[in-house]
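What follows is a single structure, written as structure tokens, with notes after it.
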Amino acid sequence: MGGRKHWLWRAVDQDGYVLDEIVQTRRDTKAAKQLLVQAAEEARSVAEAHRH
């Protein structure tokens, strides 16, 4: 994008569905992990709510 290197991170569930994505110009692993873990937790709570 724009001639610059970017990092694409994806949170994917066990069935292969993409829960969230983040694009960064710097490889900030810690920040990406925080956002993707949060997305996975939100998806898990929504799934559990639909089961009950």
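The values are calculated or read from the model by the stated rules, or taken from the named source; none is laboratory data. These numbers were taken from a predicted model, which means no experiment stands behind them. Counting neighbours? That spans all protein chains shown, and the Cβs are built from the backbone with ideal geometry, glycine included.
A few comments on the model shown:
- The residue that is farthest from Gly3 (Cα to Cα), counting only those in segment 14-46 that are loosely packed, with under 11 Cβ neighbours inside 10 Å and basic (Lys, Arg), is Lys30.
- Just one residue in the set Glu21, Glu41, Glu48 is in contact (Cβ under 8 Å) with a residue 12 or more places away in the chain and acidic (Asp, Glu); that residue is Glu21.
- Scope segment 3-52; condition modelled with pLDDT under 90, in a strand (DSSP E or B) and aliphatic (A, V, I, L, M); matching residues: Ala11, Val12, Val18, Leu19, Ile22
- Residues of segment 1-35 classified as over 19 Å from Ala47 (Cα atoms) and touching a helix residue (DSSP H, G or I) at 6+ places or on another chain (Cβ under 8 Å), total: 4
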